[in-house]
Every structure is written in C-alpha cells, then in structure tokens.
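The values are calculated or read from the model by the stated rules, or taken from the named source; none is laboratory data. Predicted model, so just to flag it, every value in this text is computed and none were measured. Cβ placement follows ideal geometry from the backbone for every residue including glycine, while neighbour counts extend to all protein chains displayed. Please note that ligands, DNA and RNA were not included when accessible areas were found on the heavy atoms of the full protein model with its side chains. Shrake-Rupley method; radii C 1.70, N 1.55, O 1.52, S 1.80 Å.
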Amino acid sequence: MAALAQVATREVMDIRQASEYLGISGDTLYRYASEGFIPAFKLGNRWRFKKSLLDAWMDEKSGVKAAAPVTVMPKQKKPAGRAR
C-alpha cells in the first residue's frame, strides 16, 4: 500500500497532497507557507509545493547532509613489458 502512495505522489502538489505527504494538517502547512517557513510558491491564488524542494528542506532541517559526489579515478595501466 505504501508503494502505491509513493507512486501517486506528484512532483508539484497542492495543500492537501503536500500536507498528506508531510503528515501535518493543511492549516499548519498553509501557515508555514504564508510565513515562508517551508518552500512553496503560489500559482494564481493557490499554494503549490515541489516534492524535490520539500525533500531537500526536510533533509536540511533534520541535519542530513547530502552525499558528496563520488569521483571515480580511471585505472592506471601497468607499464608494458619489454619485447624480447
């Protein structure tokens, strides 16, 4: 069931969808958006929330550091042996 809920989550959500995603009431989310506490934007006169921005905001607030990109070095070739 949780997998179905994750699939149904859209990238841009309205107040109801975002409050469900975050597990808080719509009134609280509306107040957070109005105060600029949570990343949101208005489309017309309605609040919208981008899932990726909410995820980054939650990571920042919870102290989770983004994983540093891993640099993969190419393998060094062994020197060629002498021809006999």
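If only residues of the range 10-24 that are surrounded by 15 or more Cβ atoms within 10 Å (Cβ to Cβ) and touching a Gly at 6+ places or on another chain (Cβ under 7 Å) are counted, the one that is nearest to Lys61 (Cα to Cα) is Ser19. Within the range 36-56, the set of residues being among the charged types (D, E, K, R) and open to solvent by 80 Å² or more (accessible area, probe 1.4 Å) comprises Lys42, Arg46. Tallying residues that are of a type outside the set (D, E, K, R), within 13 Å of Ala18 (Cα to Cα) and assigned to a helix (DSSP H, G or I) within the range 28-56 yields 8. Scanning the range 25-35 for residues that are more than 18 Å from Glu60 (Cα to Cα), of a type outside the set (D, E, K, R) and open to solvent by 40 Å² or more (accessible area, probe 1.4 Å) yields Ser25, Tyr30, Ser34.
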